[in-house]
Amino acid sequence: MEERNYTAIYRMMHWTIALCMIFMLLTIFLRLTWMNKEHVADVIQNYLATSDTSLSREQLIVLAKQIRKPMWDWHVYSGYVLVGLYCLRMALPFFGKMKFSNPLKKQLTNKMKFQYWLYLVFYGCVAISLITGLTIELGPKTLKPSMESVHELSIYYLIAFIMLHIGGIIIAELTNQQGIISRMISGTKNKKTTFR
């Protein structure tokens, strides 16, 4: 198998997109757990009970949403950054940079075809996530509920892709592509950083 070296622009795009997605995943995790509106409302209610003050459940939920809003704003800002990065990623092949690999080439192994198809499906899912996210933020309010339903599914493909991606990297490092991690960090193979 050919040993691939990664250009600086390839590595920069890869790591910037990866960090942006991981940050967005973190905001989703926080929203579903510690910063869940019901949980935050319960914390406020428990605190208010110590001072003989009370609010209705609806008021507590509104207050909880306001408390977590700055954190969720960062999810939205990261989404805008990701839209820019995605557009740049889609444009780079037209300038001879970061080409897309064709999974239909006959000389490819089944493993390579699977990898190439996986990336194409991933980019398609990212496009759907970005379009639905933009529609939620900037589109007509009548579309918001249906777009949110689709957008919320993003967490499942993203987690699945991250697991497959990391698993594939580990398998590659342990088999026939030693040095893939060091090449993705420095651009060239560093024999001292391989797992073997």
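Rounded to the nearest 500, the helix-only mean residue ellipticity at 222 nm of the chain stands at -24000 deg cm²/dmol, with each DSSP H run of n ≥ 4 adding -39,500 (n - 2.57).
Between the beta carbons of residue 105 and residue 66, assuming R0 = 41 Å, the FRET efficiency works out to 0.15 to the nearest 0.05. Taking the Cα centre of the chain as the origin and placing charges on Cβ (Lys, Arg +1; Asp, Glu -1), which of 119, 165, 182 is farthest toward the positive end of the dipole? Of the candidates, 182 comes out farthest on the positive side. Comparing 50, 109, 132 in a Gaussian network model of the chain (Cα springs below 10 Å), the most mobile by mean-square fluctuation is 50.
Between residue 55 and residue 144, what is the FRET efficiency for a Förster distance of 25 Å, r being their Cβ-Cβ separation, to the nearest 0.05?
Once the sixth-power term is evaluated, E becomes 0.40.
In the stretch 34-153, the ratio of gyration radius to Kirkwood radius, Rg to Rh, stands at 1.20 when only Cα atoms are counted.
Here the dipole of the stretch 1-99 is about 420 debye; that uses its Cα centre as origin and unit charges on the Cβ of Lys and Arg (positive) and Asp and Glu (negative). The trypsin sites (Lys or Arg not before Pro) of the stretch 86-157 meeting both criteria, a DSSP state outside H, G, I, E and B (loop) and at most 14 other C-beta atoms within 10 angstrom of the site's C-beta, are 97, 99, 105, 106. Counting only whole DSSP H helices of the chain, the ones at least 27 Å long by C-alpha along their axis and with mean Kyte-Doolittle hydropathy no lower than 0.5 are 8-32, 110-138, 154-174.
Can you give the longest stretch of the chain with no exposed loop site, where a site means GluC sites (Glu not before Pro) in a DSSP loop (not H, G, I, E or B) with at most 13 other C-beta atoms within 10 Å?
Of all site-free stretches, the longest is 4-151.
Readers should treat all values here as calculations from the given coordinates under stated rules, not as data from a laboratory. Not measured: the values here are computed from a predicted model. All Cβ positions, even for glycine, are placed from backbone atoms using ideal geometry, and neighbour counts span all protein chains on display.
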